[in-house]
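Asker: Following this message is one structure expressed as structure tokens.
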Amino acid sequence: MLDINREFRVPSIRTELPGPKARRMIERDERVTSPSYTRVYPLVVARGEGATIEDVDGNLFLDFNAGIAVCSTGHCHPRVVAAIHRQSSQLLHMSGTDFYYPAQFELAEKLTQITPGKFAKRVFFSNSGTEAVEAAFKLARYHSKRQNVIAFYGAFHGRTMGAVSLTASKVTQRRGFGPLVPGVIHVPYADCRGGSHKPAVSTIELIEKTLFKKEVAPDEVAAIFVEPIQGEGGYLVPPPEFHRELRALCDRHGILLVVDEIQSGMGRTGKMCAIEHWGVEPDIICLAKGIASGLPLGAIVAREELMDWPPGAHASTFGGNPVACAAALETIALIEEGLMANAKTQGDFLMSELAKLKSTHPQIGDVRGKGLMIGFDIVAADGSPAPDEAERLVQKSFLKGLLLLRCGESAIRLCPSLVVTREHCETALAIMSDCLAEMAGGPAGRAKGPVSGAKA
Ligand code: PLP
């Protein structure tokens, strides 16, 4: 394979965007694919390597979203690709629910070792994040014999019926699909943007003193589902005491703490699981996204005694597929060998440089995050959220060859692969700085926006 990083400077935009081939392909795609997909900009990808994406017209982009936080080891890491080749030449599928094969139990063993908590654990495999959440939801109800679960406003846990019932990020994700799964109660997430936001009543107090007294008895609550850092909801880092207090609340009432690490896990924040930043040991951990560098795989890791469901109670034909498991084992090896440390190093650098950028670009509001899970708000002159400006920044950056994504109301999320270098980070910062300066220059600096294909 051509080493695009070495031979060309990235980004390198040689055609108008979208280029002629991309334009034709987008037209074909849009005739036959579901309109529910939210294409952000008209990017048609031919291939990827490391942190670089090449589109079908030969344009090179610097990827700061890594397939929405999935390609943890970068695009097509040679060791992951080799592991996939090895496994796929031996066994593609056998259904781990009915038969045994080494890749599945080897990965299960590994996951029990690298997740927080020095107690016996068991693993259930799925194909995606939403299915992992679904499995956790079912297991929590099955084990506890309780029906209700608590989740948070702003949470994104997936889109299948159970998971979307826990999701409360954007109303579009729920509208028209009801009735959803009953027994889900939402409460506010503990937001501490800028360290200044102090709600009158803390989330924990609200649950303990209002919810449990007026709406639902705690002994009828099976689980609390929480993202250690809210992803889609805005890359929100809760106050330092939040997760520990949540753990204590669960312990007081025999409620299971289910941590959704689907976006924040697998080394992204500089720890294998983000919840480790707060020293909390969950009862069930949901994993997906970064686990297999792009192959479809999800998992829940639960305390051994919780997984007391009998044969046939829950299973998935493809979950824990041997090729995906082989990719995951190699991905974890790479994360442990150095990528997790790199996530911390590059993340710290990005955070400190963004803080500097904030002083020269008033459109930047709160900057927050851990490792390579970083969010910053785009705000108006009065400090209020400026979603249109956030969108302009994403579109302008795309036209200059930097791939960004939004989250929350008006935040930009930076979730590059864990292989990004200091140079990649400097390039991304320079492009964002240029775009913000042009935006401040008024309409003359306005991006044309995507020519076709984008619906955002
Ligand atoms: N949970 C979190 C925290 C996520 O970020 C996502 C996806 O963005 C999901 C669950 C759902 O994962 P999937 O899209 O693989 O079903």
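Asker: Need a quick list: helices (runs of 4 or more DSSP H) entirely within region 33-135 having at least 1 residues that are open to solvent by less than 40 Å² (accessible area, probe 1.4 Å) and over 19 Å from Ser397 (Cβ atoms).
Answerer: Working: elements: 66-69, 78-88, 102-114.
Once the helices (runs of 4 or more DSSP H) in region 33-135 are filtered for at least 1 residues that are open to solvent by less than 40 Å² (accessible area, probe 1.4 Å) and over 19 Å from Ser397 (Cβ atoms), what remains is 78-88, 102-114.
Asker: Scan region 261-282 residue by residue and report those that are of a type in the set (D, E, K, R) and open to solvent by 10 Å² or more (accessible area, probe 1.4 Å). Break it down stepwise before answering.
Answerer: The initial filter retains those residues of region 261-282 that are of a type in the set (D, E, K, R), namely 261, 268, 271, 276, 281.
Matches in region 261-282: Lys271, Glu276, Glu281.
Asker: Take region 136-157 and flag every residue that is near the ligand (Cβ under 10 Å from one of its atoms) and open to solvent by less than 40 Å² (accessible area, probe 1.4 Å). I'd like the intermediate steps shown before the answer.
Answerer: Step one: of region 136-157, the residues near the ligand (Cβ under 10 Å from one of its atoms) are 155-157.
Residues satisfying the conditions are Ala155, His157.
Asker: Is one or more of the residues making up region 436-454 closer than 24 Å to Ala22 by Cα, at pLDDT 95 or above and of a type outside the set (S, T, N, Q)?
Answerer: No, because not a single residue in region 436-454 is closer than 24 Å to Ala22 by Cα, at pLDDT 95 or above and of a type outside the set (S, T, N, Q).
Asker: Here's another thing I want to ask about it. Residues to consider are Glu16, Glu54, Glu49; find the one that is at pLDDT 95 or above, of a type outside the set (S, T, N, Q) and under 22 Å from the mean Cα position of the chain (by Cα). Talk me through it step by step, then tell me what you get.
Answerer: Working: Glu16 fails: under 22 Å from the mean Cα position of the chain (by Cα); Glu54 fails: under 22 Å from the mean Cα position of the chain (by Cα).
Exactly one of Glu16, Glu54, Glu49 is at pLDDT 95 or above, of a type outside the set (S, T, N, Q) and under 22 Å from the mean Cα position of the chain (by Cα), namely Glu49.
Asker: When residues of region 99-123 are filtered for being touching a residue at least 40 places away in the same chain (Cβ under 8 Å), more than 21 Å from Val80 (Cα to Cα) and not β-branched (Val, Ile, Thr), how many remain?
Answerer: So the count comes out to 6.
Asker: Would you confirm, using the coordinates I've provided, whether Ala217 is open to solvent by 20 Å² or more (accessible area, probe 1.4 Å), over 30 Å from Pro416 (Cα atoms) and at pLDDT below 95? Give the derivation first.
Answerer: Values: open to solvent by 20 Å² or more (accessible area, probe 1.4 Å): yes; over 30 Å from Pro416 (Cα atoms): yes; at pLDDT below 95: no.
Answer is no for this residue.
Asker: Now, a different point. Determine if region 169-192 includes at least one residue that is outside any loop (DSSP other than H, G, I, E, B) and small (Gly, Ala, Ser).
Answerer: The answer is no, given that none of the residues of region 169-192 is outside any loop (DSSP other than H, G, I, E, B) and small (Gly, Ala, Ser).
Asker: Name the residue that is most open to solvent (accessible area, probe 1.4 Å), counting only residues in region 341-384 that are of a type outside the set (A, V, I, L, M) and in a loop (DSSP other than H, G, I, E, B).
Answerer: Asp382
Asker: Residue by residue through region 261-281, note down the ones that are in a loop (DSSP other than H, G, I, E, B), within 14 Å of the ligand (Cβ to nearest atom) and touching a residue at least 40 places away in the same chain (Cβ under 8 Å).
Answerer: Passing the criteria: Ile262, Gln263, Ser264, Met266, Arg268, Thr269, Cys273.
Asker: I've got another one for you. Assuming Val258 fulfils every condition listed in (1) more than 16 Å from the ligand (Cβ to nearest atom); (2) outside any helix (DSSP H, G or I) apart from one, which condition is it?
Answerer: (1)
Asker: Can you tell me which residue is farthest from the ligand (Cβ to nearest atom) among those in region 283-305 that are among the aliphatic types (A, V, I, L, M), crowded, with 24+ Cβ neighbours inside 10 Å and over 13 Å from Ile335 (Cβ atoms)? Show your work before the answer.
Answerer: Going residue by residue through region 283-305, those that are among the aliphatic types (A, V, I, L, M) are 284-285, 287-288, 291-292, 295, 297, 299-302.
Restricting the remaining residues to those that are crowded, with 24+ Cβ neighbours inside 10 Å gives 284-285, 287-288, 291-292, 297, 299-302.
From what is left, the residues that are over 13 Å from Ile335 (Cβ atoms) are 284-285, 288, 297, 299-302.
Numbers: Ile284: 13, Ile285: 12, Ala288: 5, Leu297: 10, Ala299: 12, Ile300: 12, Val301: 15, Ala302: 17 Å.
Applying the filter and picking the extreme gives Ala302.
Asker: So, of the residues in region 306-340 that are among the small types (Gly, Ala, Ser) and without any contact (Cβ under 8 Å) to a residue 12 or more places away in the chain, which turns out to be surrounded by the fewest Cβ atoms within 10 Å (Cβ to Cβ)?
Answerer: Only one residue fits best here, namely Gly312.
Asker: Restricting attention to region 158-174, which residues are within 7 Å of the ligand (Cβ to nearest atom) and surrounded by fewer than 21 Cβ atoms within 10 Å (Cβ to Cβ)?
Answerer: Hit for region 158-174 is Arg159, nothing else.
Asker: Also: Could you check region 234-255 and list, in sequence order, the residues that are within 14 Å of the chain's Cα centre (by Cα) and either more than 16 Å from the ligand (Cβ to nearest atom) or open to solvent by less than 20 Å² (accessible area, probe 1.4 Å) (or both)?
Answerer: Residues satisfying the conditions are Gly234, Tyr235, Leu236.
Asker: Sort out which residues of region 288-314 are within 24 Å of the chain's Cα centre (by Cα) and in a loop (DSSP other than H, G, I, E, B), and write them in order of number.
Answerer: Result: Ala288, Gly294, Pro296, Leu297.
The values are calculated or read from the model by the stated rules, or taken from the named source; none is laboratory data. Keep in mind that this is a model prediction, so the values were computed, not measured. Heads up, the Cβs are rebuilt from the backbone with ideal geometry, glycines too, and the neighbour counts pull from every protein chain shown. Surface areas here come from the heavy atoms of the whole protein model, side chains and all, with no ligands, DNA or RNA. Shrake-Rupley method; radii C 1.70, N 1.55, O 1.52, S 1.80 Å.
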